[in-house]
Amino acid sequence: MSAEQNERTAVWRNSEKASGSRIELIGFDNEQPDYGVQSWLERMETLPDLVSVLLFSTEMLHSHTGLEQDFLLGDLQCSYYGRHFNEERKRQNWTAFQLRGLVAEFKKHGIRVMLSFFDMRVSAESAKMLSVQRKEQEWLDLHPEVCYVNHLGKIRPNICIWKHLSDGTLYEDFFLNRLTAFLKDYGFSGFHGCDGYGHPRYPLCATDFSEDMVNQFSQWLNDPVPQLEIPERAEWILKFRREAWSRFHAQRHAQFWRKTAGALKSAGLECWLNTCWTRDPHEALFRYGVDYRQLATCGISGFIAESSAAVLEMEGWNYTEASAVEKCQAMLMRLKAMIPDTEIGLLGCIKDGMEQYNALRHCPMLMCSEAYTLANLFCRQRRCTESVMECLGDGITAGEWHLVDRIRELAFSGSAEHLSCAHVVWSDAAFDREFSVYTDSRPEERFASSHVLLYELLHAGAVLPSILPADDVADGMALVLFNPAFFPADELTVLRNKAGLLFEIGLTSDGSSQIRCTSRGKIISVTDLPETAVEDPAEIKSWLKPLPEKRIPSGAFDRIAALQNQETSPVLADSEKKDLRILSFFTAEKTLRLVLRNERSTYLEPRIRIRVPVQSVAALTQDPSRPVVLENQENETVFSVRIPPKGTILLDVCCS
């Protein structure tokens with residue numbers, strides 16, 4: 001790792017357990033001399049290193065001309081969509097000078113403060129429906145040309161950050177000029193790029209098909225798009241230039257952030273970006289034109305991974321047999337392997353008064369399961385993430401902050417001194433080849449991506465806490481490769497020669513789909529991998545729904561997951577295998593950390609087998625609430641534990 005990368009990676013972690021909080025102005029009190037900052041911080045055992053203040057509307061930035069005079073910010077800056085109240089107070093009317101004072105108060109405590117907002121335009125009609133006040137004429141009212149134009153030719157109320165203003169200026173140049181001045185004038189430490197900025201608001205199949213964006217696309221292609229009406233133009237691009245459409249947007253998005261993050265860094269300011277709608281690298285690039293590799297080289301401080309598995313489950317937004325936790329686990333592993341030297345924090349979605357979810361109060365077990373799982377995934381034997389930004393941080397009591405702090409402390413406790421498991425292998429070359437073939441395939445013939453294969457294997461109960469870039473694979477490791485057809489021949493040969501045990505799952509070079517297990521080159525088993533047909537090949541415009549591609553039937557991975565665990569894992573489930581998920585790693589030579597998750601909505605009491613003699617088992621979580629009784633069987637140890645519905649327990653196993 002370079003010195004610059006080390007410096008970047010250390011920027012968040014000012015304490016053993018790095019933490020942050022995203023919060024609106026409604027979380028503070030402008031009638032207090034310190035705006036309620038001290039009172040807010042006193043509720044926490046662990047102070048945040050970083051706070052992201054969500055002002056929601058971009059109007060303040062767009063109209064910023066300095067801070068010579070004070071003025072009212074407006075309802076849409078004081079809370080998300082101008083929501084009227086939270087648990088503690090009604091929305092207050094903040095002024096510009098008070099906002100600057102709030103930032104200064106945080107800095108007195110050594111806390112860095114980021115600015116964040118969304119890309120939304122709230123029309124006069126919408127403001128009336130929300131019962132909030134907005135300016136009679138906002139900047140976006142005068143510049144509708146920077147709003148998205150969808151596949152039907154309709155203008156959407158969100159900013160397309162790659163477009164031109166009517167005078168020919170790129171929005172990104174206008175934005176950057178305003179942003180740097182705004183951050184300096186208010187004293188912010190940097191910028192947090194969220195929805196609409198860190199990643200696009202809409203999928204590429206839906207927007208933007210305006211003359212502006214299609215002309216930019218044609219110039220990038222060096223091949224003009226046919227002159228058609230917008231609906232026909234959109235259909236032509238998606239049918240004949242689908243991969244190029246994604247790659248073009250990845251380049252434009254990187255250009256935006258290369259300018260912005262570079263300028264902020266030169267000014268001594270930070271730049272953090274949210275990842276894209278909880279999507280893995282493949283889907284982020286296909287659906288939204290986001291290439292994390294390009295963004296990681298733009299000078300950003302790091303990513304904050306949208307990983308709201310608990311919220312997805314609570315809202316009923318999971319449409320696969322695999323749980324949202326399993327899919328977020330696969331996403332985070334692949335994200336970190338793609339950009340192993342870039343810091344990734346988690347966006348811990350615990351509550352949101354405007355969106356009306358509250359994992360902290362309504363589903364605390366789901367919240368714990370998300371936290372304990374995602375904090376214990378590894379790349380190069382280091383955690384995939386070592387920091388969390390709680391979202392949102394208003395209206396939380398001292399007792400609730402104590403619970404959150406305890407969960408995070410436990411989640412990140414212990415380091416992986418040794419990983420006894422199979423390792424998923426990441427290859428940049430394979431990723432790009434898979435992406436090209438996937439996008440060029442007829443929609444009804446699109447195969448299950450490597451991301452889908454990984455989360456389906458996790459759903460089958462495979463113990464897989466680790467992922468490695470191909471260059472980091474050592475001799476004798478147990479490896480898992482997905483869609484081996486796309487690995488370059490020389491890279492695949494090296495991996496096959498190095499692997500002690502190798503599982504190859506998915507498409508092969510002859511076009512078949514298989515599950516193949518070999519040991520030092522000797523074939524143990526080969527079976528066909530069944531797939532279901534694509535039900536509806538039309539691209540889906542909601543990120544909540546899975547991509548239309550061939551699916552893996554239920555149960556197809558059960559046998560290979562069991563074989564992999566039997567051959568590579570120091571811990572096995574003797575019962576309740578269908579609903580139990582296991583992660584394990586050694587925190588010391590003879591101390592095995594177990595993360596045991598219950599996927600069902602009733603209590604689970606699995607029988608756990610440790611494949612070495614055990615002296616004792618200590619519960620780190622409140623459950624199990626009774627001592628663990630050990631049963632020695634030859635050179636193995638067996639015990640049972642009770643896991644709460646949708647909950648996760650952490651155990652330390654002291655081995656003999």
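The values are calculated or read from the model by the stated rules, or taken from the named source; none is laboratory data. Predicted model, so just to flag it, every value in this text is computed and none were measured. Heads up, the Cβs are rebuilt from the backbone with ideal geometry, glycines too, and the neighbour counts pull from every protein chain shown.
Values computed for the structure shown
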| quantity | calculated |
| --- | --- |
| Tally, over the range 502-519, of residues that are within 17 Å of Val425 (Cβ to Cβ) and without any contact (Cβ under 8 Å) to a residue 60 or more places away in the chain | 12 |
| Strands (runs of 3 or more DSSP E) fully within the range 456-520 counting 1 or more residues that are assigned by TED's automatic domain parsing to the domain that holds Glu576 | none |
| Residue check, Leu41 touching a residue at least 24 places away in the same chain (Cβ under 8 Å), touching a helix residue (DSSP H, G or I) at 6+ places or on another chain (Cβ under 8 Å) and assigned by TED's automatic domain parsing to the domain that holds Asp185 | no |
| Filter result (more than 18 Å from Asn30 (Cβ to Cβ) and either β-branched (Val, Ile, Thr) or more than 30 Å from the chain's Cα centre (by Cα) (or both)) within the range 112-125 | Val122, Ser123, Ala124, Glu125 |
| Residues located in the range 350-370, provided they are under 30 Å from Val132 (Cα atoms), among the charged types (D, E, K, R) and either buried (at least 22 other Cβ atoms within 10 Å of the Cβ) or under 17 Å from the mean Cα position of the chain (by Cα) (or both) | Lys351 |
| Test: residue in the range 318-336 that is out of contact with any Pro (no Cβ under 7 Å at 6 or more places or on another chain), touching a residue at least 24 places away in the same chain (Cβ under 8 Å), assigned by TED's automatic domain parsing to the domain that holds Ala254 and aromatic (Phe, Trp, Tyr) | no |
| Among (1) assigned to a helix (DSSP H, G or I); (2) surrounded by fewer than 24 Cβ atoms within 10 Å (Cβ to Cβ); (3) hydrophobic (A, V, I, L, M, F, W, C), the one test that Leu347 misses | (1) |
| Failed item in (1) assigned to a helix (DSSP H, G or I); (2) among the acidic types (Asp, Glu); (3) farther than 28 Å from Cys205 by Cα, with Glu136 passing the rest | (1) |
| Unmet requirement for Ala538, which otherwise passes all of (1) touching a helix residue (DSSP H, G or I) at 6+ places or on another chain (Cβ under 9 Å); (2) under 24 Å from Ile467 (Cβ atoms); (3) modelled with pLDDT under 95 | (2) |
| Spans of strands (runs of 3 or more DSSP E) in the range 582-638 with at least 3 residues surrounded by 19 or more Cβ atoms within 10 Å (Cβ to Cβ) and at pLDDT 95 or above | 591-598 |
| The range 27-38 residues that are without any contact (Cβ under 8 Å) to a residue 40 or more places away in the chain, paired with ones that are aromatic (Phe, Trp, Tyr) and assigned to a loop (DSSP other than H, G, I, E, B) (beta carbon under 7 Å, 6 or more apart) | Gly36/Phe28 |
| Qualifying residue in the range 644-654 (condition: modelled with pLDDT under 95 and either surrounded by fewer than 20 Cβ atoms within 10 Å (Cβ to Cβ) or of a type in the set (A, V, I, L, M, F, W, C) (or both)) | no |
| The listed residue being touching a helix residue (DSSP H, G or I) at 6+ places or on another chain (Cβ under 8 Å), surrounded by 15 or more Cβ atoms within 10 Å (Cβ to Cβ), without any contact (Cβ under 8 Å) to a residue 60 or more places away in the chain and within 24 Å of Leu152 (Cβ to Cβ), out of Ala254, Ala244 | Ala244 |
| Odd one out for Asn215, checked against (1) in contact with a Phe, Trp or Tyr (Cβ under 8 Å, 6 or more places away or on another chain); (2) surrounded by fewer than 19 Cβ atoms within 10 Å (Cβ to Cβ) | (1) |
| Cross-chain or 6+ apart pairs with Cβ under 6 Å, the range 369-381 first and small (Gly, Ala, Ser), then not in a helix (DSSP H, G or I) | Ser369/Arg597; Ser369/Thr648; Ala375/Phe412 |
| Residue match in the range 303-310 (condition: β-branched (Val, Ile, Thr) and touching a Gly at 6+ places or on another chain (Cβ under 8 Å)) | yes |
| Complete set of residues in the range 449-503 that are within 20 Å of the chain's Cα centre (by Cα) and of a type in the set (Lys, Arg) | none |
| Residues that are aromatic (Phe, Trp, Tyr) and either crowded, with 17+ Cβ neighbours inside 10 Å or closer than 19 Å to Gly190 by Cα (or both), drawn from the range 44-103 | Phe56, Tyr80, Tyr81, Trp94, Phe97 |
| Hey, Leu295 assigned to a helix (DSSP H, G or I), outside the structural domain of Ala538 (by TED's automatic domain parsing), touching a strand residue (DSSP E or B) at 6+ places or on another chain (Cβ under 8 Å) and crowded, with 22+ Cβ neighbours inside 10 Å or not | yes |
| Whichever residue in the range 312-324 is within 28 Å of Pro340 (Cβ to Cβ) and out of contact with any helix residue (DSSP H, G or I) (no Cβ under 6 Å at 6 or more places or on another chain) and, among such residues, is surrounded by the most Cβ atoms within 10 Å (Cβ to Cβ) | Ser323 |
| Number of positions in the range 69-106 that are touching a Gly at 6+ places or on another chain (Cβ under 6 Å), without any contact (Cβ under 8 Å) to a residue 60 or more places away in the chain and in a loop (DSSP other than H, G, I, E, B) | 0 |
| Single unsatisfied condition, Gly268 versus (1) out of contact with any His (no Cβ under 9 Å at 6 or more places or on another chain); (2) assigned to a helix (DSSP H, G or I); (3) surrounded by fewer than 20 Cβ atoms within 10 Å (Cβ to Cβ) | (2) |
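Listed here are the residues, each with its yes/no results for (1) among the β-branched types (Val, Ile, Thr); (2) closer than 30 Å to His451 by Cα.
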| position | (1), (2) |
| --- | --- |
| Ala556 | no, yes |
| Leu563 | no, yes |
| Ala573 | no, yes |
| Glu576 | no, yes |
| Arg609 | no, yes |
| Val628 | yes, no |
| Glu631 | no, no |
| Val653 | yes, no |
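Rundown of residues vs (1) without any contact (Cβ under 8 Å) to a residue 60 or more places away in the chain; (2) over 30 Å from Pro443 (Cα atoms); (3) in a helix (DSSP H, G or I); (4) among the hydroxyl-bearing types (Ser, Thr, Tyr), yes/no style:
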{"position": "Glu535", "(1), (2), (3), (4)": "yes, no, no, no"}
{"position": "Glu549", "(1), (2), (3), (4)": "no, no, no, no"}
{"position": "Ala556", "(1), (2), (3), (4)": "no, no, no, no"}
{"position": "Ile560", "(1), (2), (3), (4)": "no, no, yes, no"}
